[in-house]
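Novice: Input: one structure, supplied below.
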Amino acid sequence: MRPQSFILVLSLIFFFLHCTKTLGQSPAAAPAMAPPKTPVKAPPADSSQAPSAQVATSPGPVDVNKILQKAGHFTVFARLMQATTEDTELNKELNNTNNGITILAPTDNAFSSLKAGFLNSLSDEDKTELVKFHVLPAFISTSQFQTVSNPVRTQAGTGPRVTLNVTTTGNFVNISSGLTNTSISGTVYTDSQLAIYQLDKVLFPLDIFTPKPPAPAPEPALGKPRKAAPDAESPTAPKDISGAPALLFLLNNALLLAVSWAFGAVIYS
């Protein structure tokens, strides 16, 4: 056999052995696919309304209603202030005096959470008191809430039925009316004289939504003084006649002497 034929046969043998080994190997397993990820659901949105961006101060007269409308989602409260003319009174006070004012403004969501027809069921007097109950007759910054003295007076009047109580924990400011418990959720507007804060609930004053205490009984009318009833006659004290017998004795003796003298005069004349 020639060397060339030997090399060719040897090459064919090696090629056959290599093909046999390759075909005997099992195919590589496909890489395992990762399980699909479960999408993460976003947490349910809070029922409270997100605080609006703070309204910037502008030159010119202060207009409370325009500030609320510009802030957004205070439409109901702004209309209520306008219907009761409370916005006019506040604007007059802010632009003509140096008095400070703090407004606790409920959002539209706060009013929509009330039962249907709530505002229409109130009298005009109650609507006015409700608005004034959300107005404090002093400028209070967020830091000053930590030092206010309770009860906090409102423009609805004085007394425990129209006042508020404020408690703070750090920057958290809680407002309580006795019927409503809520907190300040944002600053709507602030300058050196006026501060407006956002509330997520409507404050209910005790004076409107609880029975009023009974009126005191009227005092008796002042008439003419009655005459005192005459006292029962006391029995007359018996006269002291302890000296009467002696007096009678003397008178009798005198009479006897006179009779004797007269009789003697007659006899002896």
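Novice: Any idea which residue in the range 179-195 is surrounded by the most Cβ atoms within 10 Å (Cβ to Cβ), counting only those that are out of contact with any Pro (no Cβ under 8 Å at 6 or more places or on another chain), among the small types (Gly, Ala, Ser) and assigned to a strand (DSSP E or B)?
Specialist: 195
Novice: Is at least one residue of the range 107-119 open to solvent by 50 Å² or more (accessible area, probe 1.4 Å), modelled with pLDDT under 95, hydrophobic (A, V, I, L, M, F, W, C) and on the phi < 0 side of the Ramachandran plot?
Specialist: The answer is yes; a qualifying residue exists.
Novice: A further question on this structure: Of the residues 228, 262, only one is assigned to a helix (DSSP H, G or I) and at pLDDT below 65; which?
Specialist: Within the list 228, 262, the selection yields 262.
Novice: Quick check on residue 157: is it at positive phi and either at pLDDT 95 or above or open to solvent by less than 40 Å² (accessible area, probe 1.4 Å) (or both)?
Specialist: yes
Novice: Looking only at the range 117-132, decide whether some residue is hydrophobic (A, V, I, L, M, F, W, C), touching a helix residue (DSSP H, G or I) at 6+ places or on another chain (Cβ under 6 Å) and under 21 Å from residue 54 (Cα atoms).
Specialist: Checked against the condition, which is being hydrophobic (A, V, I, L, M, F, W, C), touching a helix residue (DSSP H, G or I) at 6+ places or on another chain (Cβ under 6 Å) and under 21 Å from residue 54 (Cα atoms), the range 117-132 yields no hits at all.
Novice: Of the residues in the range 170-187, how many are over 11 Å from the mean Cα position of the chain (by Cα) and either of a type in the set (A, V, I, L, M, F, W, C) or within 13 Å of residue 152 (Cα to Cα) (or both)?
Specialist: Qualifying residue count for the region: 3.
Novice: What number goes with the only condition from (1) within 15 Å of residue 197 (Cα to Cα); (2) surrounded by fewer than 14 Cβ atoms within 10 Å (Cβ to Cβ) that residue 166 does not pass?
Specialist: (2)
Novice: Given the conditions (1) without any contact (Cβ under 8 Å) to a residue 60 or more places away in the chain; (2) more than 17 Å from the chain's Cα centre (by Cα), and given that residue 98 satisfies all but one, which numbered condition is not satisfied?
Specialist: Tallying (1) without any contact (Cβ under 8 Å) to a residue 60 or more places away in the chain; (2) more than 17 Å from the chain's Cα centre (by Cα), residue 98 fails exactly one: (1).
Novice: Go through 104, 80, 90 for me and flag whichever is outside any helix (DSSP H, G or I) and within 22 Å of residue 184 (Cα to Cα).
Specialist: 104
Novice: Just wondering, is there one or more residues in the range 130-152 that are open to solvent by 50 Å² or more (accessible area, probe 1.4 Å), among the aromatic types (Phe, Trp, Tyr) and either under 17 Å from residue 205 (Cα atoms) or at pLDDT 95 or above (or both)?
Specialist: yes
Novice: Can you confirm whether the range 143-155 contains a residue that is part of a loop (DSSP other than H, G, I, E, B) and of a type in the set (Val, Ile, Thr)?
Specialist: yes
The values are calculated or read from the model by the stated rules, or taken from the named source; none is laboratory data. Since the model is a prediction, treat every value here as computed from it, not as a measurement. Cβ sites come from the backbone with ideal geometry, for glycine too, and all protein chains shown count toward neighbours. Ligands, DNA and RNA are stripped out before the accessible areas are found, and what is left, the full protein with its side chains, is counted by its heavy atoms. Shrake-Rupley method; radii C 1.70, N 1.55, O 1.52, S 1.80 Å.
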